[in-house]
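The values are calculated or read from the model by the stated rules, or taken from the named source; none is laboratory data. Just so we're clear, the structure is a prediction, and the values are computed from it rather than from any experiment. Cβ atoms come from the backbone with ideal geometry, glycine included; neighbour counts cover every protein chain shown.
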Amino acid sequence: MAFESFRDWVDQLDRAGELRRITQPVATELEITELADREMKQPGGGKALLIEKPTINGVVSPFPVAINTLGSHKRMAMSMGAESVDAVAKELGALMKAKPPTSLRETMRLLSLALDLRHARPKTVRSGPCKDVIHRYDAPSTRTGPWPAAPDWQKGTSPTPPTLADLPILKCWPLDGGRFITLPCVVTRDPDTGDRNLGMYRVQVYDNRTTGMHWQLQKVAARHGRRYYEKGERMPVAIFLGGDPMFPFAATAPMPDGLDEFLLAGYLRKKSIELVKCETNDLEVPANADFVIEGYIDPKEPLRDEGPFGDHTGYYTLPEPYPVFHVTAITHRKDAVYPATIVGIPPMEDFYIGGASVKLFLPIFQMNFPEIVDIALPAEGVFHNLVFVSIKKTYPMQAYKIMHGLWGMGQMMFSKYIVVVDAEVDVHNTSEVLFHLTANTDPQRDSVFTKGPSDVLDHATSEIAIGSKLGIDATKKLPGEGFKRAWPPLIQMDAAVKAKVEQIFGTVR
């Protein structure tokens, strides 16, 4: 199901009983975060929230804030127009299995073809709702204060256009370095190949016309940026917010480098994405986006400290130098809704987004590692710190093959701990995994340490972006793995006895 605006998506959540409307004023400074954090930690992720009167320095913004809109399994499925994310993953897997791949390269080619089958390829249009109101900045800004509650610029009549200071951008946590755009879809382009990338990197607002651009060392946009720095050329960048909820999902999905995230978004929404060229650079953004922030990064300009920032690790990320993004234009819909999220101690909205990505890309993992049954990223692992994977084990040391294989696949390289269990273990049940982990392992024999890239946000590593990893084989041990004893059976009641007792006494509560 395609949504033509973020307001369209919010209205659908309202009709489904998945939305709470907050009618009283709530401050973008800390208060929205506290409200959203309480909701996200409700069983099942709570409800989506629409803050109808967010305030900026005490002044009500004309743009409502929607938050936690993807923060449950149900809402993730709704955003894809499906009964469940599993159903979408099954369909994508079936498309790719039409012709079994013979290599990782072939797998990536088939993924591209599969995404291109159904209304996936984006198309360019002349204009769209994201250009209802257009403000270009041809001269340095001189305004620093907030705008009144109902400014003339909303009608496009003010001679002094709004800036970043006028958007309901959150300050999330007390020690944050300032306001951050928490759900930005960042568009960049490879200067050599022209390949587009859609990513999500936090954007700290320095003032009303400049921000930080926190793209991590290993991200595709950072690679694009390095080429512009090597060439000494100004780098065009576009940030958009809102539109279809599949846009932020695609921006965070672990797509292979070189595959356009708009293909994935178009496939999932079952409708081609209409793209429109920016006003001040040649990048393209969705025509139905709610906000577009255009600008550039100047390689001749020194880096600037970004942060601190309360992050998905549950800790503050300390300041580090990153490129400065300069705003050249802001465009938006007349009825724009500002989308936001927060990150911090789990569970948060990102747990459901990350879980959906794992389910969707599980068929891709299985095409390279057919023994994999399921993969889970527990909330406590804050995305990639902890990975549980179940396999159909048929030969010695197979668990170690899976560990090293996963560490070599995209963002799985950041996984600190990988625990491999047998096929019958439910990896989504952390208690069950821990039972088999402690029961089936000899710590020295069944563990392996290795080194590799780490998340730059990981505060525990001795060096930034470099760390160690631990793999644990919690599967039943085979004689070929040096295990010389008989492996005992797991305690299980006889099926006939269970059926008889259930017939007499009913299901145990």
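Please go through the stretch 268-279 and give me each residue that is in contact with a strand residue (DSSP E or B) (Cβ under 9 Å, 6 or more places away or on another chain), part of a loop (DSSP other than H, G, I, E, B) and surrounded by fewer than 19 Cβ atoms within 10 Å (Cβ to Cβ), ordered by number. Hits for the stretch 268-279 are Ser272, Glu279. Of the residues contained in the stretch 491-499, none is found to be in the same structural domain as Lys393 (by TED's automatic domain parsing) and over 27 Å from the mean Cα position of the chain (by Cα).
Inspect all residues belonging to the stretch 71-81 and state whether any of them is modelled with pLDDT of 95 or more and in contact with a strand residue (DSSP E or B) (Cβ under 6 Å, 6 or more places away or on another chain). Checking the stretch 71-81: not a single residue is modelled with pLDDT of 95 or more and in contact with a strand residue (DSSP E or B) (Cβ under 6 Å, 6 or more places away or on another chain).
Which one of Thr328, Thr317 is within 28 Å of Asn281 (Cα to Cα), touching a Phe, Trp or Tyr at 6+ places or on another chain (Cβ under 7 Å) and among the polar types (S, T, N, Q)?
Only one candidate qualifies: Thr328.
Is it true that Val420 is β-branched (Val, Ile, Thr), farther than 30 Å from Leu217 by Cβ and either in a loop (DSSP other than H, G, I, E, B) or touching an Asp or Glu at 6+ places or on another chain (Cβ under 8 Å) (or both)? So Val420 fails the test.
Identify, please: which residue in the stretch 291-326 is part of a loop (DSSP other than H, G, I, E, B) and among the aliphatic types (A, V, I, L, M) and is, among those, farthest from Val187 (Cα to Cα)? Steps first, please.
Kept after step one, since they are part of a loop (DSSP other than H, G, I, E, B), are these residues of the stretch 291-326: 298-303, 307-308, 311-315, 318-319, 323.
Now restrict to residues that are among the aliphatic types (A, V, I, L, M): 303, 318.
Numbers: Leu303: 20, Leu318: 25 Å.
Per the stated criteria, the residue is Leu318.
Every residue, every condition in (1) under 23 Å from Pro184 (Cα atoms); (2) outside any helix (DSSP H, G or I); (3) outside the structural domain of Val133 (by TED's automatic domain parsing), yes or no:
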position	(1), (2), (3)
Thr33	yes, no, no
Leu49	yes, yes, no
Phe63	yes, yes, no
Leu70	yes, yes, no
Glu83	no, yes, no
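Would you call Pro319 outside the structural domain of Asp37 (by TED's automatic domain parsing) and either surrounded by fewer than 21 Cβ atoms within 10 Å (Cβ to Cβ) or in contact (Cβ under 8 Å) with a residue 12 or more places away in the chain (or both)? Considered against the rule, which asks whether it is outside the structural domain of Asp37 (by TED's automatic domain parsing) and either surrounded by fewer than 21 Cβ atoms within 10 Å (Cβ to Cβ) or in contact (Cβ under 8 Å) with a residue 12 or more places away in the chain (or both), Pro319 comes out as no. Taking the stated definitions as given, is Glu284 more than 22 Å from Met213 (Cα to Cα) and of a type in the set (Asp, Glu)? Answer is no for this residue.
To keep it simple, each residue is scored yes or no on (1) over 23 Å from Ile239 (Cβ atoms); (2) at pLDDT below 95.
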site	(1), (2)
Pro299	no, yes
Leu318	yes, yes
Phe325	no, no
Asp335	no, yes
Pro347	yes, yes
Ile353	no, yes
Val358	yes, yes
Leu362	yes, yes
Ala376	yes, yes
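A quick yes/no check of all residues on (1) surrounded by 15 or more Cβ atoms within 10 Å (Cβ to Cβ); (2) modelled with pLDDT of 95 or more; (3) closer than 30 Å to Glu274 by Cα; (4) touching a Cys at 6+ places or on another chain (Cβ under 7 Å):
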position	(1), (2), (3), (4)
Arg7	yes, yes, yes, no
Gln12	yes, yes, yes, no
Gly17	no, yes, yes, no
Ile22	yes, yes, no, no
Thr33	yes, yes, no, yes
Ala36	yes, yes, no, no
Glu39	yes, yes, no, no
Gln42	no, yes, no, no
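In the set (1) outside any loop (DSSP other than H, G, I, E, B); (2) more than 20 Å from the chain's Cα centre (by Cα); (3) surrounded by fewer than 20 Cβ atoms within 10 Å (Cβ to Cβ), the condition left unmet by Thr461 is number (1). Hey, can you tell me all the residues within the stretch 455-509 that are free of Cβ contacts under 8 Å to residues at least 60 places away in the same chain and on the phi > 0 side of the Ramachandran plot? Of everything in the stretch 455-509, those that are free of Cβ contacts under 8 Å to residues at least 60 places away in the same chain and on the phi > 0 side of the Ramachandran plot turn out to be Gly482, Gly506.
Given the options Phe388, Phe383, Phe369, name the one that is in contact with a helix residue (DSSP H, G or I) (Cβ under 6 Å, 6 or more places away or on another chain) and surrounded by fewer than 19 Cβ atoms within 10 Å (Cβ to Cβ).
Numbers: Phe388 fails: surrounded by fewer than 19 Cβ atoms within 10 Å (Cβ to Cβ); Phe383 fails: surrounded by fewer than 19 Cβ atoms within 10 Å (Cβ to Cβ).
Only one candidate passes the filter, namely Phe369.
Restricting to the stretch 44-57, name every residue that is touching a residue at least 40 places away in the same chain (Cβ under 8 Å) and exposed (fewer than 15 other Cβ atoms within 10 Å of the Cβ). Asn57 - this is the single residue of the stretch 44-57 that is touching a residue at least 40 places away in the same chain (Cβ under 8 Å) and exposed (fewer than 15 other Cβ atoms within 10 Å of the Cβ). Residues that are exposed (fewer than 12 other Cβ atoms within 10 Å of the Cβ), at pLDDT below 90, in the same structural domain as Phe388 (by TED's automatic domain parsing) and farther than 29 Å from Pro256 by Cβ do not occur anywhere in the stretch 430-451.
Residue-wise test of (1) in a loop (DSSP other than H, G, I, E, B); (2) under 23 Å from the mean Cα position of the chain (by Cα); (3) among the aromatic types (Phe, Trp, Tyr).
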position	(1), (2), (3)
Ile330	no, no, no
Ala336	yes, yes, no
Leu360	no, yes, no
Pro370	yes, no, no
Ile375	no, yes, no
